[in-house]
Every structure is written in structure tokens, then in C-alpha cells.
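Written below as C-alpha cells is the structure these notes are about.
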Protein chains: 2
Amino acid sequence: MERMERPVKAVNRAVNDLGGYIRAQRATAQISLRQLAKRAGVSNPYLSQVERGLRKPSAEILQQIANALRISAEALYVRAGILESRPGGPVVDAILADTELNDRQKQVLLDVYTSFRGENAASGAVPVRDPEPRDEPESRESRDGTAVHEAVRSESEE
Amino acid sequence: MERMERPVKAVNRAVNDLGGYIRAQRATAQISLRQLAKRAGVSNPYLSQVERGLRKPSAEILQQIANALRISAEALYVRAGILESRPGGPVVDAILADTELNDRQKQVLLDVYTSFRGENAASGAVPVRDPEPRDEPESRESRDGTAVHEAVRSESEE
DNA sequence: CAGCGTTGCTAACTATTGCAAGCACATTGC
DNA sequence: GCAATGTGCTTGCAATAGTTAGCAACGCTG
């Protein structure tokens, strides 16, 4: 049933592989393309095209797909090129942008954060992963986090 | 030159008024619709339609407009319904999602962050705002923050 | 085996985005 | 006054997103 795919639109086959990512998440969830399409409220042929990189879905469609897959829409946005991660990382940026903190507090938080990060790098220890509040298996979540970081680096190089 | 606008698509006239926001930002920047369109790399009739809520621009167009206005694309995404703010806030979410921190470190950071926020709330002091790295006047930035929160609530009710 | 259901995909179609050509009006300088 | 230029908008159209109808292949069951 699996057909050989021709090389179509190499751009969509780059590191930032939205379609491949959606397909992988769907496989992990062990649901068919039609089931996902139904849950997401999109047509199954269209989802097929998206997965194969033949179409570029809107943010609205990405949101629907993300919801159906129980993953963050941001993960899809980043791969679709709608969102970029920031060079300082999400935590640094969020702290700097918080209008309810003064400069001193921001600096303290950043220092603590940086020392924690340095602590982990020095020990080489794999941090204990906490279960995410979402109803997702841990394996899927950690893959998501890792993939986001990889996508960030490849985009910075562009 | 200002013509009376008919009530068009009341949905686009809601709290989440993307077009009105773009027009306001443009007015603040004191540039004409054509100048902004040129800077953004979009057609001026289309920008006109976007401002009047007649069209729903893609994320790509929003990004171009944001860049031309020297504002964050996220600000436009939120108003376009592409992004939502999170209930825990960006800092809490970023910390929880950081795969390079272990549970203990996350908890410590969250405790510090929470105590800082409580500290400010108890004293009622207006935290000293650090100048945003962007070239935006403070008045505009605070207005943006307020509007984001309002937009979130209206979307939750849907 | 035949029948049925599921699967992912093709092709034609509809809906919408975004653009080009052009309009009416306002402003500026001679 | 006039011509030149600037302004925001209208209209028609091309391109693309997204859907519908249907196909071929596969797996399961009696």
C-alpha cells in the first residue's frame, strides 16, 4: 500500500520538514490519515498533500492539525516557518519580556537559569524529565522538544 | 478623503481588530498606506483591504507587515488568531518546556519567579521597565500588552 | 474465493488570497 | 487656474488553499 514517492519540492524536504513531522506524529499516535483528518476537521486528501509537502497549509489548518494530534501548534508553526525561535531561547526571552519584573529580578532569574544550565552541561548528566501536564506519552514530548531545538539551529544558519 | 465605512464583517471589528491595529501602527509611524505596502512588499490595494478587514492575510504577509512597521510579528499573530497567550504566562511555560532543566531546577526557578511576582504585587510598586530592545515607544508597547490579554479572554469564550 | 471496510491518493472543482490596472479625490507647485 | 503627484480604494484576474467524488490497493471475514 505504501507507494514510492517521487522527489517533490526539495524545499519541503529540508530539515524543516513539516509534512514529515506531521506524519511521524500521526504514526506515533497510531492513527490513520483519515482519522487524523477527521479529528482535525480537514479533508483527508488535503492532509495527504500536506504530509507529502505538496501544499502549504495556513496557520488555521496547522492549529487544527496540532489540536487533533495533541501537540503544540507552535511546534508546527516553527516547522512551517511562521514562528522562529529566538537566539536567547524561550526562557531568556520570556523573562526579558515580562513586564511584571524589574531589572534586578530579571537578572537574578537569568543568573539562576544560566547557572542551572551550566551545572547540567558540566556534569553531563541527562536531566530528569518531568511528565508534561499534557496527556502525551513522554517519548513523544521529548522528541518534540529535541526537534524544536534542531529546527532552530538550522534556521539560524539560513 | 476619509470615507464612511459600512459595517463590514463585524467579526473583524471585534476586540481582535487586526486591521485597525495595523492602521493605528501605520498612523503612528506617519506613513501612507502605499509607503507601508511598498516596505512590506505587498500590494497597496491588498493592504487596504486587510486594514478594512476585507481580507484575512496569511502569516507570511503578517510577518512582512510587522517587519515593515518594526513591530513584532507575534503581536499581529495574536490579533489574527494565529497565536494565543498562555494561561501560565510565557515565563512559566518556557521554564516547564525547557528540556535542559531537571525537575528540581524548574521548581526553584518557578519559586523565585513566583516570589518576585508576589513581591511586586504586595508592594504595588510599578516595576521599572527596561527599554525594550525594539525601537518602539513605551506607550505603544504597554498598549499592546493590554490588548493581548483582552484578546485572549474573548477567544476563550468562543 | 467474494464481499466488505479501510487506506492513501488522484483529479476536478470551489473558495480565498494576493496582485495589477485603474479610478476618484486631495495636495502641491507653478 | 492647471499639471503633476500623492492618497486610498474598486474591479477583475491568476495562483493557491482546501474540498468533493472517486479510484486502486490492501486486509479481514465468512
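List of remarks:
- Whether a residue is crowded, with 19+ Cβ neighbours inside 10 Å and either within 14 Å of DNA strand C (Cβ to nearest atom) or over 22 Å from B:Val78 (Cβ atoms) (or both) was assessed, and A:Ile95 does not pass this test.
- Residue check, B:Gln64 open to solvent by 20 Å² or more (accessible area, probe 1.4 Å) and either out of contact with any Gly (no Cβ under 8 Å at 6 or more places or on another chain) or within 8 Å of chain A (Cβ to nearest Cβ) (or both): no
- Scope segment B:28-52; condition more than 7 Å from DNA strand D (Cβ to nearest atom) and over 17 Å from the mean Cα position of the chain (by Cα); matching residues: B:Gln30, B:Ile31, B:Leu36, B:Ala37, B:Lys38, B:Arg39, B:Ala40, B:Gly41, B:Val42, B:Ser43, B:Tyr46, B:Leu47
- Total residues in segment A:53-66 satisfying the condition of being more than 13 Å from the chain's Cα centre (by Cα) and part of a helix (DSSP H, G or I): the figure is 4.
- Checking B:Pro45 against (1) within 14 Å of DNA strand C (Cβ to nearest atom); (2) in contact with a helix residue (DSSP H, G or I) (Cβ under 8 Å, 6 or more places away or on another chain), the condition it does not meet: (2)
- Considering segment A:99-115, and only residues there that are at the interface with chain B (Cβ under 7 Å from one of its Cβ atoms) and open to solvent by less than 20 Å² (accessible area, probe 1.4 Å), the residue that is modelled with the lowest pLDDT turns out to be A:Leu101.
- Against the criterion of being among the charged types (D, E, K, R) and away from chain B (no Cβ under 14 Å), A:Arg79 does not qualify.
- Tallying residues that are away from DNA strand C (no atom under 12 Å from the Cβ) and surrounded by 14 or more Cβ atoms within 10 Å (Cβ to Cβ) within segment B:26-35 yields 5.
The values are calculated or read from the model by the stated rules, or taken from the named source; none is laboratory data. All values reported here derive from a predicted model rather than from experimental measurement. Don't worry about glycine lacking a Cβ; one is built from the backbone with ideal geometry, like all the others, and counts go over all protein chains shown. Surface accessibility is based on the protein's heavy atoms, side chains included, excluding ligands, DNA and RNA. Shrake-Rupley method; radii C 1.70, N 1.55, O 1.52, S 1.80 Å.
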